[in-house]
């Protein structure tokens, strides 16, 4: 990082305390992430954010046009989980709305707020940092991306200045991965939904892997795991990128040799993100410890570089564009220059070790002989001192007739271990000191060994490290010139690891490739997490939703599987939008830009009121933000208050959700809600089936079926099974029958019901015709399909007319009868006369070349009739 004169005055103000709760969005690992936040002044706030991950050497800039509740800003903060949030000092007195909202969410973010003086938020400084720290080949692209995004530039200036002045860390020139992240490039999932759907953490047991991340995390590298987590929390909305991922997963799945070679190559990859970041960050005060760490990182870098070529070889013959791009990044011409630099300085047989003594020895002999004569002398001294320690241990064992093993750890350095059985009741000789008795052995030292540790071994090792410093420092400086390539290789390996993890899931599970269409259609859908828990017991279900069935009301008894069904749809949609295959026999999904979930909480008499209040707050948030590109799943809305109020609230909210044109699955116990909403355009009633063999037994089938659940007093059956006292249940049954008779006495308006049913039927016909027009059916296949569609439509319309005649025989035939379906006043109803140009008569005569124009004409006719019905 370029040096600048340190300000003479204080640059930070008071900071708030750390949040004490565990984050609702569990992190893969502890990371030091500094975030700066700044906002505009105005009714529609614009918020700039910059995240600098000190551990992985990555900087992300973004600017969001947010709402008054700052939902997208809070979502970003919780996804990235910064350890410290920087806010301009003037926002605290008085507190701005954004400042207050961030404070309210500190516990979930597990962060703290630090106030930074206004002078450090200069956009000119931000541009200077971009110019000096970003990879040279990325500078112009970043400048174009941030053009006009004033607040994000101010934020990157503040974040990097804070890292330089407070953390005393300096990034090398052109060594920082910078990118601008547009807010519209990913699906927005609010924190409540992330929590409810158990995307990254199980609700009952945070350590359990029974969550979506735990299911999908078959990754073998830390880079892959981090990328997977970020993708789950921010699924992609670009269909082209998703299709390239599907192709890559499919290729790895079908090419067994490539798949196993790729997985084997990935097993040897270290966490290159952290290795490279340690090499680009210059310590403020060089010391023996920083030199040791530098040598360790160089050894780790050597191992990572060696692991890249097997990845390149594993992808030989790849056909998908994504796998080919990864292979090109891992090509020898990209890695060889770095490998050559390392080989000039580091011994070829040096490898990274985890055991303390082995790592110390690798560090000691890392630099090649001949580079520094004094270094070679110091290594000889270290070798002799170490051999003396082993000789001392051998002599002690012989003198005392005890088996001694010389061990090493960083704190005590060399010490001796004696099996407990060696003493055989004897006292430990007095020469041994610092005795620690374990279960099966005794650990100890001698004064002579302690002296050797301090004077000979430790001093000689320090000399080796310090004399290695110059050679290692020169190597690191040379490697820094290749950081851009190394980071891109690192990202490629992480992406490949995630794709290979998806392929691993496909090989061990019956998953299918999703298709991206305008229709959500899933055959034999399975809940991905529950299927893992109960692999042989899970019952699959079909799912189908279009604009004419966009609001699906799910009814059923307790424990029938309503919640599991709607969660399945949401989880599979997220899986499809990160590039994963899904648990089904067929699946197609529309691209979603927002996901909402309002799921039932565990009943608790002490928190019942607050539960209902939280439920209403979440629904209010959904209603403010939902649109036709969204999906929402709602479970048991309104159960936290009285039945009448709950039904009224649920109905009002259901109407609003239908009007939003979003895809909604609405699970409820309110049967009246299903009845009232049934004729509303866009609404479909479904239920989870159950068999009641007797009044005392019920079998859950867990299968979805058309229509609302039929009143069968399943609650009373469950009450008998518990069992409640028989007299109490009998009295409840009598009350239920009285209520049923009361409801049956209520009459509906038959004319309005008939009109809504007919309008819905016509709109469904139009939708099928539009789908046929945009589909791939041609010729005789299309003709046969049109004939089938005609038969179904005529049968349903005829049945509807007959039903209307039975209910209201005096309905005016000239007002709301089926004759209005005909285009002219002289035409008769569709399918009732040979002179009517019906779908059947048209399709039987047309040729394959006429099919498309016929569909278009019929679609337009359906639209006219639907609009006409609506106007009347």
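The values are calculated or read from the model by the stated rules, or taken from the named source; none is laboratory data. Just so you know, these numbers come straight off a predicted model, no measurement behind them. Cβ: placed from backbone, ideal geometry, glycine included. Neighbour counts: every protein chain shown.
Tabulated values for the structure
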quantity	calculated
Matching option when the condition is under 23 Å from residue 274 (Cβ atoms) and at pLDDT 80 or above, among 88, 52, 37	52
Of the criteria (1) more than 27 Å from residue 564 (Cβ to Cβ); (2) touching a helix residue (DSSP H, G or I) at 6+ places or on another chain (Cβ under 8 Å), which one residue 281 fails	(2)
In segment 439-472, residue nearest to residue 421 (Cα to Cα) [restricted to those that are modelled with pLDDT under 90 and not in a helix (DSSP H, G or I)]	440
Qualifying residue in segment 563-581 (condition: part of a loop (DSSP other than H, G, I, E, B), more than 23 Å from residue 225 (Cα to Cα) and either in contact with a strand residue (DSSP E or B) (Cβ under 7 Å, 6 or more places away or on another chain) or modelled with pLDDT of 95 or more (or both))	no
Filter pass, residue 327 being part of a helix (DSSP H, G or I) and at pLDDT below 90	no
Restricting segment 308-318 to residues that are part of a helix (DSSP H, G or I) and free of Cβ contacts under 8 Å to residues at least 60 places away in the same chain, the residue that is surrounded by the fewest Cβ atoms within 10 Å (Cβ to Cβ)	313
Search result, residues across segment 319-343 that are farther than 30 Å from residue 246 by Cβ and touching a residue at least 12 places away in the same chain (Cβ under 8 Å)	337, 338, 339, 341, 342
Failed condition for residue 470, given (1) within 30 Å of residue 340 (Cα to Cα); (2) crowded, with 17+ Cβ neighbours inside 10 Å; (3) out of contact with any strand residue (DSSP E or B) (no Cβ under 7 Å at 6 or more places or on another chain); (4) touching a residue at least 40 places away in the same chain (Cβ under 8 Å)	(2)
Selection count where residues are more than 29 Å from residue 626 (Cα to Cα), touching a residue at least 12 places away in the same chain (Cβ under 8 Å) and out of contact with any strand residue (DSSP E or B) (no Cβ under 6 Å at 6 or more places or on another chain), scope segment 513-558	4
Output for segment 65-74, where each listed residue is surrounded by fewer than 24 Cβ atoms within 10 Å (Cβ to Cβ) and either in a helix (DSSP H, G or I) or modelled with pLDDT of 90 or more (or both)	71, 72, 74
Pair list, Cβ under 8 Å, 6 or more apart: segment 681-692 residue at negative phi and without any contact (Cβ under 8 Å) to a residue 12 or more places away in the chain, other residue part of a strand (DSSP E or B) and surrounded by 17 or more Cβ atoms within 10 Å (Cβ to Cβ)	691/698
Selection count where residues are more than 44 Å from the chain's Cα centre (by Cα), within 19 Å of residue 414 (Cβ to Cβ) and in contact (Cβ under 8 Å) with a residue 40 or more places away in the chain, scope segment 348-383	4
Subset of segment 271-285 [buried (at least 16 other Cβ atoms within 10 Å of the Cβ), more than 23 Å from the chain's Cα centre (by Cα) and not in a strand (DSSP E or B)]	275, 276, 277, 278, 279, 280
Residues of segment 363-380 classified as surrounded by 17 or more Cβ atoms within 10 Å (Cβ to Cβ) and not in a loop (DSSP other than H, G, I, E, B), total	6
Test: residue in segment 512-529 that is surrounded by fewer than 22 Cβ atoms within 10 Å (Cβ to Cβ), within 26 Å of residue 264 (Cβ to Cβ) and at pLDDT 90 or above	yes
Segment 404-422, residues that are exposed (fewer than 11 other Cβ atoms within 10 Å of the Cβ) and part of a loop (DSSP other than H, G, I, E, B)	410, 411
Subset of segment 261-271 [touching a residue at least 60 places away in the same chain (Cβ under 8 Å) and farther than 10 Å from residue 220 by Cα]	262
Residue, farthest from residue 99 (Cα to Cα), within segment 114-137, restricted to residues that are touching a strand residue (DSSP E or B) at 6+ places or on another chain (Cβ under 6 Å) and in a helix (DSSP H, G or I)	133
In segment 226-243, the residues that are under 17 Å from residue 490 (Cβ atoms) and surrounded by 18 or more Cβ atoms within 10 Å (Cβ to Cβ)	226, 227, 228, 229, 231
Residues that are over 16 Å from residue 391 (Cβ atoms), touching a strand residue (DSSP E or B) at 6+ places or on another chain (Cβ under 8 Å) and surrounded by 19 or more Cβ atoms within 10 Å (Cβ to Cβ), drawn from segment 443-467	444
Residue among 377, 435 that alone is in contact with a strand residue (DSSP E or B) (Cβ under 7 Å, 6 or more places away or on another chain) and modelled with pLDDT of 90 or more	435
Qualifying position, being more than 30 Å from residue 590 (Cβ to Cβ) and either surrounded by 20 or more Cβ atoms within 10 Å (Cβ to Cβ) or modelled with pLDDT of 90 or more (or both), among 211, 155	155
Members of segment 244-267 that are over 22 Å from residue 231 (Cα atoms), surrounded by fewer than 19 Cβ atoms within 10 Å (Cβ to Cβ) and in contact with a helix residue (DSSP H, G or I) (Cβ under 7 Å, 6 or more places away or on another chain)	261
Any hit, segment 474-486, residues being at pLDDT below 95, within 27 Å of residue 221 (Cα to Cα), out of contact with any helix residue (DSSP H, G or I) (no Cβ under 9 Å at 6 or more places or on another chain) and in a helix (DSSP H, G or I)	yes
Given (1) crowded, with 21+ Cβ neighbours inside 10 Å; (2) touching a residue at least 24 places away in the same chain (Cβ under 8 Å), number of the condition residue 650 does not satisfy	(2)
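Every residue, every condition in (1) in a helix (DSSP H, G or I); (2) surrounded by fewer than 17 Cβ atoms within 10 Å (Cβ to Cβ), yes or no:
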site: 393; (1), (2): yes, no
site: 399; (1), (2): yes, yes
site: 424; (1), (2): no, yes
site: 435; (1), (2): no, yes
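Conditions tested, residue by residue: (1) over 22 Å from residue 192 (Cβ atoms); (2) touching a helix residue (DSSP H, G or I) at 6+ places or on another chain (Cβ under 9 Å).
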residue	(1), (2)
70	no, yes
74	no, yes
79	no, yes
93	yes, no
98	no, yes
101	no, yes
111	no, yes
115	yes, yes
119	yes, no
